[in-house]
Amino acid sequence: MTQSPLDRARLYQDELAAIRQDIHAHPELGLQEHRTSDLVARKLEEWGIEVHRNVGQTGVVGVLRNGNGQASVGLRADMDALPILEATGLPYASQTPGLMHACGHDGHTTMLLGAAKYLAETRNFNGTVNFIFQPAEEGLGGALEMLKDGLFARFPCDAVFGLHNYPGLPIGRFATSPGARFAGGAFFDITITGKGSHGARPQEGIDPVIVACHLGTALQSIVSRNISAQDTAVLSITRIQSGDAYNVIPQHAVLAGTVRTMKSEVMATIEQNMKRLAASIATGFGAEAIVDFRILFAPTVNDEQQALAYADAAASVAGEENLRRDAPPAMASEDFGFMMQAVPGAHVLLGNGGSAAVHNHQYDFNDEAIPYGVALYAAITEKKLPKPTLD
Ligand SMILES: [Zn+2]
Ligand SMILES: [Zn+2]
């Protein structure tokens, strides 16, 4: 009987857990993953995989070919850490105060390395596997950096597959669904310029504070009045800044916040309406408003067919009873959405057991989850790039 991907992945456990803890002890911020990407490149080279460094600044791509198949897949993991002071007290805790692997990207990187080792050793596939180690997932644009650097032109992929660990989901379980998985996200700053004056003589100035108050209220009509009730959207104003004194009408006021949507076209509608309201309300009061609207994340949308294949691969690893195929989407965001806009793909959540939530200073990736991630990446590759059957 042939060895299952999970059984084989378990044989790598000591080696992979050591790599994971080494990466954990040496966290690096987005686009500064020099040590991490060097470690990744060296491991891939050690296992005989063709390595391309500096794809999208600190990104790394490994290429492994087998047989004569023309089909290809991309397997993706992220490498960056967060600016958080670690409070786990673990022996392998961050050695860089103020930086921490609090989102488990140390685990994601390790699992993709494990899959690379597995596939390089077993070669039970026909075609090309591209191992995509992306920098800067945490809002610093790592996926876009790789795309701008020609990721899919240089390393063509028929489909791409990613995953993220999920605290609260038991180890050995997976969750996914076809369609929207994570929201797209934008940040905005609206700068209102009036005319400063004495607080006791408002008729001599143009008050940007009163414009900000009207605009703040008006912006809350966008989701309720301009967006279909069938669509999901959040618009939050999280910062209002203006003025320094009791008796001075300031020159400027700034409104800032975030928008989340499940569809790119809904994001575009919100941006358009925000700009119209800001300009017209400011003009109505004799002031001026400039909107800086920055889309940081595309919605992460699973392709129906690829999601089904990925779910079947997860079921083959962990059993159908340990897979949720109808997991609800979340309003959080994933940089992987940009890659899945370029190439059809799918994203799966992997159980991280009872750890603290991601982005918490007590969080730690659970090493017991490593074999499941390795086996999932291996299983989807063997499923998408099957070897010709011998008669
Ligand atoms: Zn994160
Ligand atoms: Zn993350």
Discussion item. For a quick check: with amide H placed at 1.01 Å from N, whose amide H comes under 5 Å from LEU29's, ignoring anything fewer than 5 positions away on the same chain?
Written reply: ALA81
Fill in: Counting DSSP beta bridges with both ends in the chain, the antiparallel % (nearest 5)
70
Practice prompt. Quick one: angle between helix 208-225 and the longest Cα principal axis of the chain, in degrees between 0 and 90, rounded to 10, please.
Written response: 50
Item to complete: Determine, for LEU144, LEU75, the number of other Cβ atoms within 10 Å of each Cβ, and report the residues in order from fewest to most.
Response: LEU144, LEU75
Discussion item. Give the average over all directions of the projected area of the C-alpha convex hull of the stretch 248-391, one decimal, in nm².
Written reply: 14.1
Practice prompt. Among LEU296, ILE171, THR58, flag the residue with its Cα farthest along the positive direction of the charge dipole of the chain, charges on Cβ as +1 for Lys/Arg and -1 for Asp/Glu.
Written response: LEU296
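How large is the dipole of the stretch 244-391 about the Cα centre if only Lys and Arg carry +1 and Asp and Glu carry -1, each at its Cβ, rounded to the nearest 20 debye?
With only Lys, Arg, Asp and Glu charged at Cβ, the dipole is about 440 debye.
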Item to complete: Kindly provide the Kirkwood hydrodynamic radius of the stretch 239-307 in Å, to one decimal, from all pairs of distinct alpha carbon atoms.
Response: 14.9
Practice prompt. For every helix of n ≥ 4 consecutive DSSP H residues, a contribution of -39,500 (n - 2.57) applies; sum these over the chain, divide by its total residues, and give [θ] at 222 nm rounded to the nearest 500 deg cm²/dmol.
Written response: -11000 deg cm²/dmol
Worksheet item: What is the fewest-to-most order of HIS164, HIS101 by other Cβ atoms lying within 10 Å of their Cβ?
Response: HIS164, HIS101
Worksheet item: On the first, second and third principal axes, largest extent first, how far apart are the outermost C-alpha atoms of the chain in Å?
Response: 89, 45, 38
Worksheet, complete the sentence: Cα pairs beyond 19 Å in the stretch 1-69, in percent, come to 50
Worksheet item: Roughly how tilted is helix 304-318, in degrees to the nearest 10 and between 0 and 90, from the longest Cα axis of the chain?
Response: 50
Fill in: the stretch 143-174-the stretch 216-288 distance, computed between alpha-carbon centres (Å)
33
Discussion item. Using C-alpha positions alone, give me the convex hull volume of the stretch 1-138 per residue in cubic angstrom.
Written reply: 105
Item to complete: Among GLU138, GLU334, rank each residue by its count of other Cβ atoms within 10 Å, from fewest to most, as a rough exposure measure.
Response: GLU138, GLU334
Worksheet item: Going by alpha carbons, how many degrees (0 to 90, nearest 10) lie between the helix axis of 105-122 and the longest principal axis of the chain?
Response: 30
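Each reported figure results from applying straightforward, stated rules to the coordinates on display, with no laboratory input. Since the structure is predicted, the reported quantities are computational estimates derived from the model, not experimental observations. Note that we place each Cβ from the backbone using ideal geometry, even for glycine, and neighbour counts take in every protein chain shown.
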